[in-house]
Amino acid sequence: MGWATELHDASFRGVQFECTTISDSMSKTVSIQQAPYSNDASVEDMGNEPRRVSIQAVYAGDDYLTWLNALLAALEEKGPGELVHPIFGICYAQVANHSVNHDVDNYDACTFSIEFVITQNQKKKRFIPVKTQNLIQPIYLVSNPASALKQALEKLKLTDNNAFFNVINKIRTGIQTVRNVMGIAKNAIENILSPETWATSLIDDITKLVTFDTSISAISKWRDVIKRIQRFDKLFDTDDAQHEPEEFKQLWRATQVASVISITQSVVATMRNEMAQNQETSFTPVELAVIRQQNRQTLQQIIQIERQQPLEELDTVVQIQVYKDVADQVHLQIQELIEIHPPITTAKIEVPCTLHWLAHYLYEDMNRASEIRRLNPDLVNPAVLQTGMEITVYAR
């Protein structure tokens, strides 16, 4: 299939014209070094010069002058504009020169020639925008266990008043212990008889502990809060635990998992906002993969625990399915965030240089030096990169 079957309607800044011939040319900048009295030369390729496009075109007909005036106005505007190349399609070009020719024998027509220099007036986006999943609300994970615990408490109140008050006091003491250890100040009194209320309130307060706008690295703050949540795995594993409703233990497990998932949603929201504003992101793809792995392990552990519970007492099948759905959604969220970035690769240092020089060499943008620095936290001296070192970078 030749070019004749795939031609585009040529235009510049939206003004169309009929092409008769078109010529594209490109040259290289080379550095030539030659010793005296020698025929040999050392030629170094210094890069490509901008591509030039020469167009010969024609206007014909009674209204040719209207079209010509419109084109001349487009050519006289400052700055580059959109050129529809008959062969290669849309590109951005700067007018270098143009000329118009009239012939006495063709009074209803004119020919003209234009020379363009291909440029680029729009900065390429570093990351490809991808639509990610909606945020997962923590209420989705604790709703069923909270409803089951509420019914269990109502039943316990009617059958065993002492056991009922013991469970209520244990819940209140446990929540207060979590708040004290996590450093959460709470003035309002928790409604212990409403499990969904105190569970979601505790999750929200833990999530607010995670902020990524300080001098401490974002992944370090994330790890700190996750480890503090894990301390409470056996908070209610006491000697009299057999007298507690199984629904209470199930809700507590769901509350811990929901706290981890909610913190992950803060990570997702932070990454989305930073990418939307074209800012430097708080998390690298490697760090996002670590977060995804932690969420996968947490959910897998809770699913295994739920499978060991007696089906006649708890609706474990429904809750396991909830965890599976959340695991799938979190995986998609993190994966999409990772794929927005270019792939991670390594670059071998060929000559001693700095990070700014390396960023200019790799991306033609020395401002991305800080990005390379974040991908290599173990780099001892970023000002001196030695020959042979392997640096983790984004693919070009």
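Roughly how tilted is helix 139-159, in degrees to the nearest 10 and between 0 and 90, from the longest Cα axis of the chain? Its long axis makes an angle of about 10 degrees.
Overall, the chain carries a charge dipole of about 1900 debye about its Cα centre when +1 sits on the Cβ of Lys and Arg and -1 on the Cβ of Asp and Glu, all other atoms neutral. So what is log10(I(q)/I(0)) for segment 344-396 at q = 0.15, 0.18, 0.23 1/Å, when the Debye sum runs over its Cα atoms only? Values returned for q = 0.15, 0.18, 0.23 Å⁻¹ are -0.31, -0.46, -0.80. With a sphere of radius 9 Å drawn around the Cβ of Ala96, what net charge do the other residues whose Cβ falls strictly inside it have (Lys, Arg +1; Asp, Glu -1)? Once all neighbours under 9 Å are counted, the net charge is 0. Within the listed set Leu83, Leu193, Leu337, the Gaussian network model of the chain (springs between alpha-carbon atoms below 10 Å) gives the highest mean-square fluctuation for Leu83. Computed from the C-alpha gyration tensor, the three semi-axes of the ellipsoid equivalent to the chain are 67, 29, 17 Å, from longest to shortest.
Helical runs (DSSP H, four residues minimum) scored at -39500 (n - 2.57) apiece and divided by the length of the chain put the mean residue ellipticity at 222 nm at -15000 deg cm²/dmol. Diffusion coefficient of segment 291-363 by Stokes-Einstein, Kirkwood radius over Cα pairs, 4 °C, 1.567 mPa s: 81 µm²/s.
With all protein chains present, how much of the accessible area of the chain (probe radius 1.4 Å) comes from carbon and sulfur, to the nearest whole percent? Walk me through the numbers before you get to the answer.
Values: 11530 of 23200 Å².
Of the solvent-accessible surface of the chain, carbon and sulfur hold 50 percent.
In order along segment 12-22, the Karplus-derived 3J(HN,Hα) couplings, from 6.51 cos²θ - 1.76 cosθ + 1.60 at θ = phi - 60°, round to 9, 6, x, 8, 7, 7, 9, 8, 9, 9, 9 Hz, and Gly and Pro are given as x. In the chain, the longest principal axis of the Cα atoms and the axis of helix 316-340 are about 30 degrees apart.
Computed over the Cα atoms of segment 1-112, pair by distinct pair, the Kirkwood hydrodynamic radius stands at 16.7 angstrom. With respect to the chain, whose longest principal axis is taken over its alpha-carbon atoms, helix 285-307 is tilted by about 30°.
Along the axis of the charge dipole computed for the chain (Cβ charges of +1 for Lys and Arg, -1 for Asp and Glu, origin at the Cα centre), the listed residues Ile32, Leu193, Met46 are led at the positive end by Leu193. Over 20 Å between Cα atoms: which of Lys150/Lys324; Lys150/Lys170; Lys157/Lys249; Lys170/Lys208; Lys227/Lys324; Lys234/Lys324 fall into that group? Pairs exceeding the cut-off: Lys150/Lys324; Lys170/Lys208; Lys227/Lys324; Lys234/Lys324. Here's the picture: charge each Lys and Arg Cβ at +1 and each Asp and Glu Cβ at -1 in the chain, and of Met366, Ala163, Gly61 the one pushed furthest to the positive end of that dipole is Ala163.
The values are calculated or read from the model by the stated rules, or taken from the named source; none is laboratory data. Keep in mind that what you see is a predicted model, and the values were worked out from it rather than measured. No Cβ is skipped: glycine too gets one built from the backbone with ideal geometry, and neighbour counts run over all protein chains shown. Ligands, DNA and RNA are excluded from the accessible area calculation, which covers all protein heavy atoms including side chains. Shrake-Rupley method; radii C 1.70, N 1.55, O 1.52, S 1.80 Å.
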